[in-house]
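Trainee: Got a structure here, written out as structure tokens. Questions coming.
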Amino acid sequence: MNNDSNIQKPTSLNTAARYISWLNPLRTEKRGGRGKALFALALVCFFWGTTWIASKIGVRNMPALQMAGMRQMFGGLCYVIFFIAKGAALPKGKEWRSVLILCLLNFLLSNTLSTWGVKYISAGLGSIIGSIFPLWIVVIGLFGGTVSSLNKKSIIGLLVGFTGICIIFAQHLSDFVNPAFQFGIFLSLIATWTWAFGTIYTKKHAAQFNPYFSLGLQMFISGITLITATKGLSVLPVANIHVGTSPEKYFIPLATIPWQSWAAMAYLTVFGSVISFIAYLYALQKLPTEQVSVYAYINPVVAVVAGFIIFGEMLTPYIIVGVLITLYGVYLVNKSVGKLR
């Protein structure tokens, strides 16, 4: 979401984007790189869809806030080390304002809350909720003045999208008596709202500072902040978060983190934060933006199917139909209002 067509990408970024060709087993040079770009886009669709599963595995075995902080810190550190090694300059003056605001919206709130949310709801449901943020962009835009009016297709898209969500939640009505489920839905919804605000802020106030270096700084700063906060909270007299009747610690010693959570963090860092984003940049350079945006519609499908296979999460005809209807509504809104990402 930190892309802006008016920002010139640095040479070091273009070099980094080309690294994705190392992962391509196909000989596609004769086709001008389009085959590589499609392969890169397929990686994005798969890896970003499965990050919901990795997050679910991670938070099953350690505190969610600590997990989010460590994942962000490791992922951000990879970007920061890369750009500093390439001689990139740190933000100056007012450039830090945008970095810190987006750090708050994108990571301290959105990424952290969505990670925390899947501790209490299924990975598939979390990914579906996350996919509807374009609908909130339109709603926020109507009240904030960034969207002056809606055309017929926009209205239909909003109605279709929310109808699909209602169909999906019809399968979870009995779960709403569970305070933990309610809490997970609440966290996931707040995460989509803050991501929508972050997207709008990026579009209106994008600085000329390298947006991808900015992404790494946002992740790193958020990760350090979360780890420091959770470590500090863990020494207080009340060292647990209570959701319903289930206590959850803020922080556990690194030596007690099980290998499953370490593996999940490694997957999220390497595949979710580094390889996938390089693949995304490469695809953006070689393919039309509209074609690359298809990842937003495939990710929830990957997450729902993977959740069913790995965790045995609910997958009924109603959920399948609801997912398809929701994503079609999001598609209509994106086509009619324009992409703000």
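The values are calculated or read from the model by the stated rules, or taken from the named source; none is laboratory data. Computed from a prediction, not measured in an experiment: that's the story for all the values here. Glycine also receives a Cβ, built like all others from the backbone with ideal geometry; neighbour counts cover every protein chain displayed. These accessible areas exclude ligands, DNA and RNA; they are computed on the full protein's heavy atoms, side chains included. Shrake-Rupley method; radii C 1.70, N 1.55, O 1.52, S 1.80 Å.
Trainee: Can you flag which of 56/231; 36/92; 94/203; 203/286 are past 25 Å Cα-Cα? Show your work: numbers first, answer last.
Mentor: Working: 56/231 22 Å; 36/92 36 Å; 94/203 17 Å; 203/286 22 Å.
With Cα atoms farther than 25 Å apart: 36/92.
Trainee: Please give the solvent-accessible surface of residue 209 in Å², to the nearest 10, using a probe radius of 1.4 Å with every protein chain present.
Mentor: Here the accessible area works out near 20 Å².
Trainee: Around residue 111, what is the net charge, scoring Lys/Arg as +1 and Asp/Glu as -1 over all other residues with Cβ under 15 Å from its Cβ?
Mentor: Value of the local net charge: +3.
Trainee: What is the local net charge at residue 66, summed over the other residues whose Cβ is closer than 9 Å to its Cβ (Lys, Arg +1; Asp, Glu -1)?
Mentor: Result for the neighbourhood of residue 66: +2.
Trainee: Rolling a 1.4 angstrom probe over the protein chains, ignoring ligands and nucleic acids, what is the accessible area of residue 60 in square angstrom, nearest 10?
Mentor: Residue 60 exposes around 140 Å² with every protein chain in place.
Trainee: Here is a further query. Within 13 Å, Cβ to Cβ, of residue 224, how many net charges do the neighbouring residues add up to if Lys/Arg are +1 and Asp/Glu are -1? Mind dumping the intermediate values first?
Mentor: Details: positive: 71, 231; negative: none.
Value of the local net charge: +2.
Trainee: Which ³J(HN,Hα) values in Hz, rounded to whole numbers, follow from the phi angles of the range 185-198 under the Karplus curve 6.51 cos²θ - 1.76 cosθ + 1.60, where θ = phi - 60° and Gly and Pro get x?
Mentor: Calculated HN-Hα couplings, in order: 5, 4, 4, 5, 5, 4, 4, 5, 5, 5, 5, 5, 4, x Hz.
Trainee: Name the residues whose placed amide hydrogens come within less than 5 Å of the amide hydrogen of residue 241, ignoring near sequence neighbours (fewer than 5 apart) on the same chain.
Mentor: Counting only residues 5 or more places away or on other chains, the set is 248, 249, 250.
Trainee: Give the span of the range 28-133's Cα atoms along each principal axis, as three whole-Å numbers ordered largest to smallest.
Mentor: 46, 42, 26
Trainee: Dipole of the range 69-191, Cα-centred, from +1 at each Lys and Arg C-beta and -1 at each Asp and Glu C-beta, to the nearest 20 debye?
Mentor: Its charge dipole is roughly 400 debye.
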